[in-house]
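The values are calculated or read from the model by the stated rules, or taken from the named source; none is laboratory data. Being a predicted model, the structure only gives us computed values, none of them experimental. When we count neighbours, we look across all protein chains shown, and the Cβ atoms used for this are built from the backbone with ideal geometry, even at glycine. We work out accessible area using only protein heavy atoms, side chains counted, and drop any ligands, DNA or RNA first. Shrake-Rupley method; radii C 1.70, N 1.55, O 1.52, S 1.80 Å.
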Amino acid sequence: MSITFVQMSAADRDDLIEFLTTNRFPFHVHQAPGETDVRTRVDSSHFWHEDRQGYWAVRGGQRRGMVVLEDLQDGGSPLFDLRLAESQRGQGIGAEVLRALCGMVFESMPNTLRFEGQTREDNIAMRKTFLRCGFLKEAHYRMGWPTADGRHVASIAYSILREDWANGTVTRFEWDDLEP
């Protein structure tokens, strides 16, 4: 069974509120979103407008999680937010979703040159998922991600280029191209 994506709309309001408030997301800024906050975001079309679009990630007729494509108006480099249901984690579905998401983005958005995601430095599972799916680490923002306990950890950015996705390659670059 393959992953498919079902576009979210205002009709998904109650399902989206339930999903976001009944699952914990330990590596997101808001790990346990409150119902009031989620309702406000949903009611303001946070998950579906010209610059952002949410999708249910579905396999075998069951919603496994959600993804939100962001920066759709920036011309060529959208980002994504991926949230799997707690019951789906640790089973390798993240890589399936990410591969399918790359396919959807590059096949339906012909002007997209690169596709980016970010995660916390301590989210090892997602960092490995990025690498398994052909993404390359492009940035390491030290102390760039606030945590629930007031600390900050690094935010790590990964991306995949359209040509690398199409060819099954990873174009690397020289990190230390300038000497101090």
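Odds and ends about this structure:
- Value of [θ]222 nm, deg cm²/dmol, for the chain, DSSP H segments ≥ 4, -39500 (n - 2.57) each, nearest 500: -8000 deg cm²/dmol
- Charge dipole (Cα centre; +1 on Lys/Arg Cβ, -1 on Asp/Glu Cβ; no other charges) of the chain amounts to roughly 660 debye.
- The phi torsions of region 164-171, fed into the Karplus equation with coefficients 6.51, -1.76 and 1.60 and a -60° offset, translate into couplings of 5, 4, 5, 9, x, 10, 10, 7 Hz, rounded to whole numbers, with Gly and Pro shown as x.
- Share of carbon and sulfur in the accessible area of the chain stands at 49%, probe radius 1.4 Å.
- Bridge orientation summary for region 35-166: considering DSSP beta bridges with both residues in this region, about 95 percent are antiparallel.
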